[in-house]
1. All but one of (1) at pLDDT below 80; (2) surrounded by 15 or more Cβ atoms within 10 Å (Cβ to Cβ); (3) more than 8 Å from chain B (Cβ to nearest Cβ) hold for A:HIS326; state the number of the condition that does not hold.
2. Could you pull out the residue among A:ILE88, A:ILE95, A:ILE101 that is within 24 Å of A:TYR233 (Cα to Cα) and in contact with a strand residue (DSSP E or B) (Cβ under 8 Å, 6 or more places away or on another chain)?
3. Name the strands (runs of 3 or more DSSP E) wholly inside the range A:232-330 in which the number of residues that are more than 30 Å from B:ASN270 (Cβ to Cβ) is 3 or more.
4. When you check A:ALA160 against the structure, is it surrounded by fewer than 22 Cβ atoms within 10 Å (Cβ to Cβ), among the small types (Gly, Ala, Ser) and outside any loop (DSSP other than H, G, I, E, B), yes or no?
5. Residue by residue through the range B:168-199, note down the ones that are assigned to a loop (DSSP other than H, G, I, E, B), among the charged types (D, E, K, R) and closer than 19 Å to A:PHE318 by Cα.
6. Which condition breaks for B:GLY202 when tested against (1) part of a strand (DSSP E or B); (2) within 14 Å of chain A (Cβ to nearest Cβ)?
Protein chains: 2
Amino acid sequence: RCFHFCKLPGRVMGIRLLRFTSVVIIVLLLVAGALTALLPTIKDDKLPNSRREPKTQSQSALDSFTLIMQTYNRTDLLLKLLNHYQAIPHLHKVIVVWNNIGEKTPEEMWNSLGPHPVPVVFKVQTVNRMRNRLQNFPDLETKAVLMMDDDTLVSAHDLAFAFSVWQQFPEHIVGFVPRKHIATPSGVYSYGSFELQNPGFGNGDQYSMVLIGAAFFHSGYLEDFQRQPEAVYALIDETQNCDDIAMNFLVAKHTGKPSGVFVKPVDIRNLEKDTNSGYSGMWHRAEHLLQRSYCVNKLVTIYDGMPLKYSNIMISQFGFPNYANHKNKM
Amino acid sequence: RCFHFCKLPGRVMGIRLLRFTSVVIIVLLLVAGALTALLPTIKDDKLPNSRREPKTQSQSALDSFTLIMQTYNRTDLLLKLLNHYQAIPHLHKVIVVWNNIGEKTPEEMWNSLGPHPVPVVFKVQTVNRMRNRLQNFPDLETKAVLMMDDDTLVSAHDLAFAFSVWQQFPEHIVGFVPRKHIATPSGVYSYGSFELQNPGFGNGDQYSMVLIGAAFFHSGYLEDFQRQPEAVYALIDETQNCDDIAMNFLVAKHTGKPSGVFVKPVDIRNLEKDTNSGYSGMWHRAEHLLQRSYCVNKLVTIYDGMPLKYSNIMISQFGFPNYANHKNKM
């Protein structure tokens with residue numbers, strides 16, 4: 001009985017000990033959890049959620065970029081540009097988005113004229129859509145994307161510098177063509193370029209978008225684009241326009257900052273006149289600009305607000321093309 | 001005896017319980033500690049450790065800056081500049097570092113010609129030292145410091161724009177005068193400007209310092225400067241030079257990035273010739289540049305390494321002075 005009696009407290013203690021331990025462990029987990037929640041929002045977290053790790057970790061994929069060029073009815077220009085871009089430093093791969101539905105790609109001819117330093121992949125499309133170029137291509141292995149229109153040539157030097165700028169501003173669209181929106185007293189937005197001025201804004205100018213037809217941006221934004229409201233895709237398909245405006249909305253919403261960083265190009269050219277197809281780009285349509293203002297207002301409704309922010313920063317390369325570019329009156 | 005016997009396990013348990021509890025508490029503290037160590041390095045943490053909270057939280061102190069101007073033997077220019085800087089937007093206060101030892105300040109005259117929109121404080125010095133301007137002035141209430149030489153005039157427009165740039169790069173020296181160092185094969189460094197070229201560096205130019213004689217920087221760096229090795233102060237006093245080079249070392253060490261961001265000035269002028277004192281600045285001394293190379297090499301020894309990093313980014317204001325500044329050949 002004595003034993004029976006005095007074992008009791010032991011067992012009781014054992015149970016208490018157990019309860020106590022579990023309580024403590026729970027507390028431990030809670031504290032750990034709470035503190036973990038506070039862990040660093042490192043720069044990379046500002047980047048598009050996906051693609052923090054590129055599919056391949058190869059050094060080249062980390063400090064190089066992929067050129068995505070959509071083409072329609074300008075195969076002669078395309079080949080000229082493909083030749084030009086073969087010699088660009090840090091270029092990892094070229095993805096050609098082939099919007100000439102039912103037509104054969106020039107892949108055979110291209111390969112027959114090889115070898116080429118940079119691999120070119122032709123992605124044959126089934127529908128001729130503006131937003132085909134905004135797919136999350138499995139061939140894309142780099143964090144950095146350079147998107148170029150098929151009628152625009154930017155010098156190798158401008159591209160190399162802009163890429164180094166993008167590496168310092170990876171959550172922004174770093175490009176050569178700035179645009180802006182203006183809020184009118186009626187509350188309706190207007191889309192335009194330097195000709196469009198913000199009444200009441202003092203000296204100089206501002207931009208709120210950088211067009212993706214000649215720009216670097218993070219490949220993760222292509223994944224984010226796949227998760228937008230259906231109305232956005234409908235708007236782009238209905239107008240065959242504004243995919244670049246939608247990307248600026250997406251980036252501005254993501255960062256809470258101006259979507260773009262404008263790099264002043266030293267040499268950028270439109271080669272449209274050089275094509276034999278005689279095809280001239282969508283932006284020549286009379287309704288082009290009107291459509292773009294229409295898109296800005298539609299996107300504000302879809303996203304329930306205006307995320308675009310203004311910037312007045314223009315970046316050039318120090319001492320290029322010559323010393324004069326930074327010397328002053330002093 | 002039975003009691004004596006069976007109390008034992010209880011007490012033992014009690015002791016075990018105690019030991020266990022204390023162990024658990026220690027573990028808890030360790031985990032908490034470890035995780036706390038991982039807490040966010042938020043942007044502000046990149047800023048100089050001190051001054052995260054300005055002495056006053058007044059809005060004006062947060063979105064305004066303090067002008068610190070050191071003056072020696074150029075009181076006529078000083079008054080001209082004080083008049084000019086009175087009209088600068090976002091200017092919170094002017095601190096004049098009075099290096100005319102034993103001379104009366106023009107404070108009385110200045111006040112007699114008031115009222116003035118921006119308060120001016122004269123800090124009378126007891127020794128004429130280059131580094132007097134790098135004190136942690138108690139009158140300094142803003143996070144942003146604009147430091148200007150007493151012979152340099154920068155347009156109100158340039159200052160307003162550069163301040164907006166500094167607000168986007170608060171851990172950098174944002175200013176109008178870039179300089180660089182060059183490593184020679186002998187391992188000895190050379191100091192210079194655009195005339196000094198880095199053999200083997202391709203197109204364009206680079207800079208690794210932004211002079212504080214015409215620049216914005218975080219006031220916390222003035223506190224950090226008070227905690228540098230004695231040898232740094234000795235070097236500056238011995239040469240009456242290089243305080244600005246030392247600040248670039250300090251900032252580069254602190255951020256691990258290029259110390260400066262160069263903003264291309266539209267209108268910056270040297271007013272030296274306008275002074276009646278006929279006094280011409282220290283930088284006219286034959287040994288000025290040699291001294292500065294000497295300082296770079298000394299500082300590398302003192303800090304046991306070369307922290308300066310190169311940048312080739314030049315920032316201008318979009319659309320100012322005119323649209324042409326961003327339009328291209330397209």
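1. Against the list (1) at pLDDT below 80; (2) surrounded by 15 or more Cβ atoms within 10 Å (Cβ to Cβ); (3) more than 8 Å from chain B (Cβ to nearest Cβ), A:HIS326 comes up short only on (3).
2. Going through A:ILE88, A:ILE95, A:ILE101 in turn, just one is within 24 Å of A:TYR233 (Cα to Cα) and in contact with a strand residue (DSSP E or B) (Cβ under 8 Å, 6 or more places away or on another chain): A:ILE95.
3. Fully inside the range A:232-330 and qualifying: A:260-263, A:268-270.
4. Answer is yes for this residue.
5. Residue satisfying the conditions is B:GLU195 alone.
6. Only one criterion is unmet by B:GLY202, namely (1).
Yes/no per residue for (1) assigned to a loop (DSSP other than H, G, I, E, B); (2) of a type in the set (Gly, Ala, Ser); (3) closer than 24 Å to A:ARG269 by Cα:
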| position | (1), (2), (3) |
| --- | --- |
| A:ILE88 | yes, no, yes |
| A:VAL97 | no, no, yes |
| A:GLU108 | no, no, no |
| A:PRO115 | yes, no, no |
| A:LYS123 | no, no, no |
| A:PHE137 | yes, no, no |
| A:VAL145 | no, no, yes |
| A:TRP166 | no, no, yes |
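Conditions (1) surrounded by fewer than 20 Cβ atoms within 10 Å (Cβ to Cβ); (2) away from every other protein chain (no Cβ under 11 Å); (3) without any contact (Cβ under 8 Å) to a residue 12 or more places away in the chain, marked per residue:
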position	(1), (2), (3)
A:HIS172	no, yes, no
A:LYS180	no, no, no
A:PRO185	yes, yes, yes
A:ILE212	no, yes, no
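The values are calculated or read from the model by the stated rules, or taken from the named source; none is laboratory data. As the structure is a computational prediction, the values presented were derived from the model and not from experiment. No Cβ is skipped: glycine too gets one built from the backbone with ideal geometry, and neighbour counts run over all protein chains shown.
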